[in-house]
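**Q** Could you have a look at this structure, given as structure tokens, before my questions?
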Amino acid sequence: MAFLVAELAQPIARSGDQSLTAYKRLAIVPALNEEASVAAVIDEIRRVDQDFEIVVVDDGSTDGTAEAAARAGAVVVRLPYNLGIGGAVQTGYQYARDHGFELAVQIDGDGQHDPSELERLIRPIVEGEADLTVGTRFAGARLYRSPFGRRIGIRLFAGVVSAMVRRRVTDPTSGFRAVNRRGIRLFAADYPHDFPEVESSVLAVRHRLRMLEVPVAMRERATGRSSITTGRGIYYMIKVMLALFISLFRRYPPLEEER
Amino acid sequence: MTPLRVSIAAALAAGLLLFVIIELIRSRRLQERYALLWLLTCVVILVFAVWRGALSELAGLVGIAYPPSALFVLAAFFILVVLLHYSTVISDLSERNLTLAQRIALLEQQLRALQKERAD
């Protein structure tokens, strides 16, 4: 698989592109205390593409996140207590699997991911060029500014993941992703618990899913704060590195075709 | 050779622990599957406390000059194994906990959707 940045950077023609709307598609929005921004994210997704069904996975919020999401017209799945981002996102994939969705995107409830980039993200999936696409902040036109320490961490992960999947990966920590049915089935059954992004990319590639990075613009978060503080950042690095190391010694059978 | 007092004390301690474990199983406060490792620990300590020749042999084999120390090493090793076993049990439980929470959330959503459908 070639790295399709240049091709994807072209504007996408909307008219006459039947295949783009043919898929039954789901937007998974994990949210933890995002009462203030979740409705706006839902509205934005709708405005960009009204064919998306939107499921908000409320990961044990203590504010009105679930109510705000329901008012905005999303399907709301309320976890009984906080599972962490991995458990929440996986619940979304399980919903997608159980309801026969053919395409699922993952988009944060804090407004950091720009729904207007969705089409660019799902295009390689719809066209059958990839099983998993990841919106990357660094290959894009607009430069995403992130704190120094985090940038170092992302670089490090990018290096390790690139070596592991034998392809250049620039932003393995991005949570802005899309998968097809194979990806849905994989992630519904097996998804890392906390800090899942890096591991899930490797997991997918090891299971022979075709992964593709798509340059997208990301915004500064609208509300709330990053879940990753310095102390947790160090734990994050070590925990994920351990998981990646162990994954070298695991066997990942290719997903069998669906009956 | 292990001093006789050490042997007696160790045997009594191991015997007491054995009794406590069996009592816990009897009163259903401890499941057999989690008691097995503890029972094994007790039995091994008990055997080496009573069979002093074997303890000296074992100590000599791994280069421990003072045989009662071998008893400590043995006990520490078994405790480590038990703790490690518990870590796997905790991992398994948290995995199941996660799956359960996800299943409940999805079922709850489905239930609400059905209720709404019926109300309409």
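**Q** Can you compute log10 of I(q)/I(0) for the range B:4-86 with the Debye formula, treating each Cα as one identical point scatterer, at q = 0.14, 0.15, 0.20, 0.25 Å⁻¹?
**A** Here log10 of I(q) over I(0) equals -0.49, -0.56, -0.89, -1.17.
**Q** Next question. Would you please give the residues with an amide H less than 5 Å from that of A:Val214, counting only those at least 5 places away or on a separate chain, with H modeled from the backbone geometry?
**A** Hits under the 5 Å cutoff: A:Val134, A:Gly135, A:Thr136.
**Q** If you don't mind, there's one more thing I want to ask. Across the residues of A:86-99, average count of Cβ atoms on other protein chains within 10 Å? Show your work: numbers first, answer last.
**A** Working: counts 1, 6, 3, 0, 3, 7, 2, 1, 5, 5, 0, 0, 2, 2.
The shielding value for this peptide is 3.
**Q** Quantify how strongly other chains surround peptide B:93-105 by giving the mean number of their Cβ atoms within 10 Å of each of its Cβ atoms.
**A** Values: counts 0, 1, 1, 0, 3, 9, 3, 1, 9, 14, 2, 4, 16.
For this peptide, the per-residue mean of nearby foreign Cβ atoms is 5.
**Q** Please sort by residue number the chymotrypsin sites (Phe, Trp or Tyr not before Pro) in the range A:59-141 whose DSSP state is loop and whose Cβ has at most 15 other Cβ atoms within 10 Å.
**A** Values: sites: A:Tyr81, A:Tyr93, A:Tyr95, A:Phe101, A:Phe138; in loops: A:Tyr81, A:Phe101, A:Phe138.
Sites meeting the loop and neighbour criteria: A:Tyr81.
**Q** Follow-up. Calculate the FRET efficiency for B:Leu4 and A:Arg155 from the Cβ-Cβ distance with a Förster distance of 51 Å, rounded to the nearest 0.05. Please list the in-between numbers first.
**A** Working: r = 66 Å, r/R0 = 1.28.
It comes out at approximately 0.20.
**Q** Please compute the alpha carbon radius of gyration of the range A:21-247, then divide it by the globular-protein estimate 2.2 N^0.38 Å. Two decimals is fine.
**A** Rounded to two decimals, the normalised Rg is 0.93.
**Q** What are the chymotrypsin sites (Phe, Trp or Tyr not before Pro) within the range B:57-108 that DSSP puts in a loop, where the Cβ has at most 16 other Cβ atoms within 10 Å?
**A** Numbers: sites: B:Phe72, B:Phe77, B:Phe78, B:Tyr86; in loops: none.
Passing both the DSSP loop test and the Cβ count: no residue.
**Q** Taking every DSSP beta bridge with both residues inside the range A:21-247, roughly what % is antiparallel (nearest 5)?
**A** Values: 8 of 27 bridges.
Approximately 30 percent, going by the DSSP bridge assignments.
**Q** Another one. I'd like the GluC sites (Glu not before Pro) in the range A:64-156 restricted to DSSP loop residues with at most 14 other Cβ atoms within 10 Å, sorted by number.
**A** Values: sites: A:Glu67, A:Glu102, A:Glu117, A:Glu119, A:Glu127, A:Glu129; in loops: A:Glu102, A:Glu127, A:Glu129.
Passing sites in the range A:64-156 are A:Glu127.
**Q** Using R₀ = 30 Å, calculate the FRET efficiency as 1/(1 + (r/R₀)^6) where r is the Cβ-Cβ separation of A:Phe245 and B:Ala76; round to 0.05. Walk me through the numbers on the way to the answer.
**A** Numbers: r = 28 Å, r/R0 = 0.94.
With R0 = 30 Å, the Cβ-Cβ based efficiency is 0.60.
**Q** Per residue, what volume in Å³ does the convex hull of the Cα atoms of the protein assembly as shown enclose?
**A** On the way: hull volume 78.8 nm³, N = 379.
Output value, Cα hull per residue: 208 Å³.
**Q** Ok, one more. Can you sort A:Asp63, B:Asp92, A:Asp58 from fewest to most other Cβ atoms within 10 Å of each residue's own Cβ? Intermediate results must be reported in sequence, preceding the final value.
**A** Details: A:Asp63 15, B:Asp92 10, A:Asp58 29.
Taking fewest neighbouring Cβ atoms as first place, the list is B:Asp92, A:Asp63, A:Asp58.
**Q** Determine ³J(HN,Hα), in whole Hz, for all residues of the range A:230-242 in sequence, where each value follows from phi through the Karplus function 6.51 cos²θ - 1.76 cosθ + 1.60 and θ = phi - 60°; x replaces Gly and Pro.
**A** So the Karplus estimates, Gly and Pro as x, are 4, x, 5, x, 5, 4, 3, 4, 5, 5, 5, 4, 4 Hz.
**Q** Going by C-beta contacts inside 10 Å, put A:Val179, A:Val55, B:Val50 in order with the fewest on the left. All intermediate terms of the calculation are to be shown ahead of the outcome.
**A** Numbers: A:Val179 30, A:Val55 25, B:Val50 15.
By the 10 Å Cβ count, ascending, the order reads B:Val50, A:Val55, A:Val179.
**Q** Using helices alone, I'd like the mean residue ellipticity at 222 nm for chain B: each DSSP H run of four-plus residues gives -39500 (n - 2.57), total over residue count, nearest 500.
**A** On the way: 4 runs with 106 residues, N = 120.
Mean residue ellipticity, 222 nm, calculated: -31500 deg cm²/dmol.
**Q** Let me know the mean shielding of A:48-60 by other chains, meaning the per-residue number of their Cβ atoms within 10 Å of its Cβ. The partial results should precede the final answer.
**A** Values: counts 0, 0, 0, 0, 0, 0, 0, 2, 0, 4, 1, 1, 2.
Average neighbour count from other chains, rounded to a whole number: 1.
All of the numbers you see were taken from the coordinates with simple rules; none came from a lab. Bear in mind the structure is a predicted one, so any value in this text is a computation, not a measurement. Because the Cβ atoms are built from the backbone with ideal geometry, glycine has one as well, and the counts that use them run over all protein chains shown.
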